[in-house]
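The values are calculated or read from the model by the stated rules, or taken from the named source; none is laboratory data. Note that this is a predicted model, so its numbers are computed, not measured. Cβ placement follows ideal geometry from the backbone for every residue including glycine, while neighbour counts extend to all protein chains displayed. For the accessible areas, the whole protein counts, side chains as well, though only heavy atoms, and no ligand, DNA or RNA atoms are used. Shrake-Rupley method; radii C 1.70, N 1.55, O 1.52, S 1.80 Å.
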Amino acid sequence: MAKLDHLLEDPPNIDEQTTFDPIIKHGHQDLVQAVAFNSYGDRCATGSVDGKIRVFNRHKDGVWRHCDNWTAHSAEITELQWLPPTIYPNLLASLGMEGRFKLWAEDPHAGPGRRFSCAQPRTPFWAVNAATSGTATPGGSATPRPGTSTPGGTTAGSVDTPPSQISSSGDLPTTNPSGPGGISATPKAAFETRNSRAPYRSFSLKHIDETRHTYLALLASDGHLTIYENEQPENLSDFTQVDELVVSRTTPPAVRGEESSFKVMFDPNMEVCYTALRAGVPQDALGLVTVAMDCVRVWRTKDVITQNLGVASVTKAFYLAAEVPIGVHKGLVRDVAWAGGNVRGYDVIATAGQDGWVRVFRVDTPTELEFAKREVMRSFKSSFDEEEEEDDNVMMGKNSRDDIGYGSSHGGGIKSSGVHQEKRGISGYAMGGQTSAVGGAGQVRHMIAEISRMNNHKTPVWRVGFDDDGQILGSVGDEGRLMHYRQLPNGEWAKSSELAMIKLRMAVP
């Protein structure tokens, strides 16, 4: 009976609300703009408006403890991303409003508080954006010749300056008596780049463990997207430009003084889905989704064979796979997310709109035979809808003369059916509005359709994101609420939970 005593106690009060204790206090003195967790979920980085980054580690006892903090940018930090823990040492990428992209390498030999902000790291990460010609550096890359410009728009230092004292931006170090050896103790990034034409506004990194290749995508405010590749992730200076694209409908995307929005994200899946493989997409193809104002585009890579001195080599080239038609988003697109877990046979992309809607899109890659069948069904359905609409108009005219209400109710049914199809993309813009650049060698047809729209926030939405499996979608709006959505058996997405923070003033007894 002693084991059953707890069952005889009073049931819990249903009015009691679950409370959440804060895991950590970030310690920033200003607004936090960016938060990023690593793949294991045991490291967290936060970036604030004052340009500082703070790193926290979760220990075995479950407590989050402060690891390091430093001033990373001269302006507010907009994006952060961890590289996979399989890369040694751990790397953290950041982007500031001033348009500089930086990679920070952790020095495992340094003590807490100086791991990422060490002025002179022990590992040779000082060569940045090295040119293809020059003298070799201890990191295994080439040091650019004096006065030569790097792909990021910076200029190398003089040959009289020791390489170890050349900063990642190409500037000479400033003397500081308090620093060791007269070198300034200002934190220096392992890799730093900027665009001389327009500032960078978004970035995305993808590392492939099998090939040890790291890809970097940088999107500038003029609508130009540049993709780099690095075959040696430990040597961050050896980035090679792969391709450059224009992701906006107009150039420039925004006029001076106009509010703008730019986002880029790699496909998080390690391989393309099996339907894409069946349609002809290479197994190691890369995927990108870009946002420029209200323009959302999906990009894929194809294999291109080039000849150099009689030796054939295979390179990657991006092409426009699909685009969300004009008019779907009624305002700026603030954020975009690509779901993992493409074992479902298609890809899922979500957008956060300034108009207050969270939209979920489905990206399919049908074969030519399947596409032909869909085109036949679409043309047949369109002709059938036109005939039914004409018959309905005739019936409505007849019923109006006979004062019968059947015509109005039947007409309403046709209207709702059309809205339902537009929402699911059955015969709306999933086929007829497909705007992918198909027809070139190696290009595979993609089709994009909107499957759900949620306006639970009732305010502009700023962030969206999927979990690792692509089963849960989260969004945050102006009202400060975190919404969670799940996919229903019919394929649509619906709200599943909500988390809100309320500030209460406690009365002193």
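May I ask you to compute the full-extension gain from residue 441 to residue 249, defined as 0.36 nm times their residue separation minus their alpha-carbon distance, rounded to one decimal in nm? Provide the component values of the computation, followed by the final result.
Working: separation 192, 0.36 × 192 = 69.12 nm, distance 2.35 nm.
Separation in residues times 0.36 nm, less the Cα-Cα distance, equals 66.8 nm.
Could you rank 251, 365 by how accessible they are, 1.4 Å probe, largest area first? If you can, show how the numbers build up before the last one.
Working: 251 95, 365 10 Å².
Largest accessible area first, the residues go 251, 365.
Less than 5 angstrom separates the built amide H of residue 265 from those of 289, all sequence-distant by 5 or more or on a different chain. Taking square-rooted eigenvalues a ≥ b ≥ c of the alpha carbon gyration tensor, is the stretch 246-320 rounded, prolate or oblate, where a/c under 1.5 means rounded and, failing that, a/b exceeding b/c means prolate? Oblate, because a/c is 1.5 or more while a/b does not exceed b/c. Spin-label pair residue 486-residue 313: with each label point 7 Å from Cα along the Cα-Cβ axis, the two points sit 5.0 nm from one another.
For the stretch 52-116, which whole-number percentage of the solvent-accessible area (1.4 Å probe, protein heavy atoms only) is attributable to carbon and sulfur atoms?
Answer for the stretch 52-116: carbon and sulfur cover 48 percent of the accessible area.
On a full-extension model of 0.36 nm per residue, what is the gain between residue 498 and residue 458, subtracting their alpha-carbon distance, rounded to one decimal in nm? Numbers along the way, then the final one.
Working: separation 40, 0.36 × 40 = 14.40 nm, distance 1.36 nm.
Gain on stretching residue 498 to residue 458: 13.0 nm.
Pop the C-beta distance of residue 277 and residue 57 into the FRET formula with R0 = 45 Å and round what comes out to the nearest 0.05. Efficiency for this residue pair is about 0.70.
Could you tell me which of the pairs 302/495; 60/495; 52/206; 102/330; 52/302 are separated by over 31 angstrom between their Cα atoms in the structure shown?
302/495; 60/495; 102/330; 52/302, as the Cα separations exceed 31 Å there.
Using Cα pairs closer than 8 Å and at least 6 residues apart in sequence, work out the relative contact order for the stretch 24-75, in percent. Could the numbers behind the result be given before it?
Values: 92 pairs, mean separation 14.6, N = 52.
In percent, rounded to a whole number, it is 28.
In the complete set of protein chains, residue-level accessible area for residue 284 is approximately 90 Å², probe 1.4 angstrom. In the stretch 191-291, the C-alpha radius of gyration followed by the widest Cα-Cα span (Dmax) gives 15.2, 47 angstrom.
Residues of the stretch 442-483 with an amide N closer than 12 Å to a point placed 7 Å from the Cα of residue 37 along the Cα-to-Cβ direction: 466-469.
Working from label points 7 Å from Cα in the Cα-to-Cβ sense, the residue 304 to residue 98 distance is 3.5 nm.
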